[in-house]
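The values are calculated or read from the model by the stated rules, or taken from the named source; none is laboratory data. Nothing here was measured: the structure is a model prediction, and the numbers come from that model. Cβ: placed from backbone, ideal geometry, glycine included. Neighbour counts: every protein chain shown. Heavy atoms of the whole protein, side chains included, go into the accessibility calculation; ligands, DNA and RNA do not. Shrake-Rupley method; radii C 1.70, N 1.55, O 1.52, S 1.80 Å.
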Amino acid sequence: MPTALLYDRLQFAFTATFHYLFPQLTMGLALLLLYFRTKALRSGRAHDREVARFWTKLFALSFAFGVVTGIPLEFQFGTNWARFSTFAGGVIGQTLAMEGLFAFFLESSFLGILLFGERRFSERLLWFASLALFLGSWLSAYFILATNAWMQHPVAYTVGVDGKLHTDSLVGLLTNPYLFWQFAHNMTAAVVTGSFTVAAVGAYYLLAGTQIEYGKTFLRTGVIVGALAAVLMLFPTGHENARQVFEYQPVKGAAMEGLFKTERGAGMLLVGQPNMETMTIDNPIQVPEALSFLLYDELYATVRGLEEFPRDEWPDNIPLLYYSYHIMATLGTLFVGVMGLALLLLWRGLLFGQPWMLWCVMLAAPFPWIANTAGWMTAELGRQPWLVHGLLRTADGASPLVHSGNALFTLLGFIGIYVAMGLLFLFLVGETIWHGPSPESDAGSRSRRDPAPDAVT
């Protein structure tokens, strides 16, 4: 691989990975924030309003860092991937523009109302703003994923006389059959991140012996939503997403599973290391016939292995793709176990008094980020060597005038700046959580419907 192309890919991978640490939290929190605002509207209690206000602050922090770190990605389409932009700009330009115009401005405008209109606007308007924020956040994800789904499975395009691609159906582009399960899986994964974060902050407050009532609210909400989202992330969204990979990109599916040879009654690997010299899996532990059954509902269905496809169409880093997929799948299964156990303890009224479980919930908070990153790596590494599957190879999409030295210099610059930004984000989030909700600040805005503080449970 040419050095400049390697640095171009590393730069986009690093900036996209770092950027996605923030949107996955805001998309998950947007749903929870709508729930908290709905609860505040219905109860009218200061406690519920403060809960919504507290998470609005953390949402705003994540949103701001997400916007700042996402802007360089747009520029890289022009600087590092100019030939890709020239070739496919007539298609992806529409979805990216809609993401900016509709979703981004919707999010920004109504987030401002929630942040600065707390004492100026009614509870109904604040609830409407949180609804618009949720819609804007999820619409933003829809348009971005429509772009990615098109790169994974190009539809609704024509090739012009100039050799460039153009959209022949916007509806077809936005209803790409690859998009539905990809979007559903991605959003449930984002809700897992948001709910695990809410639950972890609640567990921290209970372990620290401070903000007890808020801690119970956070933990209760995070565990219920997290358990539901974790199950949905595995089935049906993860299951159906894997099925469509084998339908539209079978070589990617074979690489994900480490399936080098075509098998009838293929097993599902639980443990094993891909050996690229012998084209086998070392030390395999697998569930017999499980892969065939999960993909085709038949124990002895045939699953095509990598040997069925030309070598130049194999993903160029099969071990990394294989491990990314298995890390994602393993963590997803563990999430169901952790939140399922916490939900059982909550149902039996034991959760708040079990320090070991509170520690588990609190320490589990970073792992959804790891699972989401591994999932993104699975999707993108598996698409290689194509930039637009079947139409444009990655090597043909890079800018011809950006040399390796320039790409390396900007890559190092991004690493330095983003590390500093990451530390600043952690400091600001830590400060916000340390101070916690501030019920006394709500005294001036308490409505006539507020009960006495000691009535809050």
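Selection within the stretch 365-384: residues that are closer than 21 Å to Val225 by Cβ and of a type in the set (A, V, I, L, M, F, W, C). The member of this set that is surrounded by the fewest Cβ atoms within 10 Å (Cβ to Cβ) is Ile370. All told, Thr95 meets the bar of being modelled with pLDDT under 95, of a type outside the set (A, V, I, L, M, F, W, C), assigned to a helix (DSSP H, G or I) and surrounded by 17 or more Cβ atoms within 10 Å (Cβ to Cβ).
I'm checking my understanding of the structure. Among residues of the stretch 122-139 that are within 15 Å of the chain's Cα centre (by Cα) and more than 14 Å from Ser109 (Cα to Cα), which one is least open to solvent (accessible area, probe 1.4 Å)? Of everything passing the filter in the stretch 122-139, Trp138 is least open to solvent (accessible area, probe 1.4 Å). Suppose the filter is more than 17 Å from Thr197 (Cβ to Cβ), charged (D, E, K, R) and open to solvent by less than 60 Å² (accessible area, probe 1.4 Å); does Arg348 pass it? It is false that Arg348 is more than 17 Å from Thr197 (Cβ to Cβ), charged (D, E, K, R) and open to solvent by less than 60 Å² (accessible area, probe 1.4 Å). For Gln24, indicate whether it is part of a helix (DSSP H, G or I) and either open to solvent by 20 Å² or more (accessible area, probe 1.4 Å) or modelled with pLDDT under 95 (or both). Taking the combined requirement at face value, the residue does not satisfy it.
Going by the structure shown, is Ile113 more than 30 Å from His403 (Cβ to Cβ), among the β-branched types (Val, Ile, Thr), part of a helix (DSSP H, G or I) and open to solvent by 20 Å² or more (accessible area, probe 1.4 Å)? Yes; evaluated as a whole, the condition is true for this residue. Is at least one residue of the stretch 164-172 without any contact (Cβ under 8 Å) to a residue 24 or more places away in the chain, assigned to a helix (DSSP H, G or I) and not β-branched (Val, Ile, Thr)? Within the stretch 164-172, one or more residues are without any contact (Cβ under 8 Å) to a residue 24 or more places away in the chain, assigned to a helix (DSSP H, G or I) and not β-branched (Val, Ile, Thr). Considered as a group, the residues in the stretch 246-264 that are surrounded by fewer than 17 Cβ atoms within 10 Å (Cβ to Cβ) and either touching a strand residue (DSSP E or B) at 6+ places or on another chain (Cβ under 8 Å) or among the acidic types (Asp, Glu) (or both) include one that is farthest from Leu179 (Cα to Cα), and that residue is Arg264. Note on the stretch 44-66: among residues that are open to solvent by 40 Å² or more (accessible area, probe 1.4 Å) and in a helix (DSSP H, G or I), the one that is farthest from Ala141 (Cα to Cα) is Lys57.
From the list Gly416, Gly340, the one residue that fits, being open to solvent by 30 Å² or more (accessible area, probe 1.4 Å), farther than 25 Å from Ala200 by Cβ and part of a helix (DSSP H, G or I), is Gly416.
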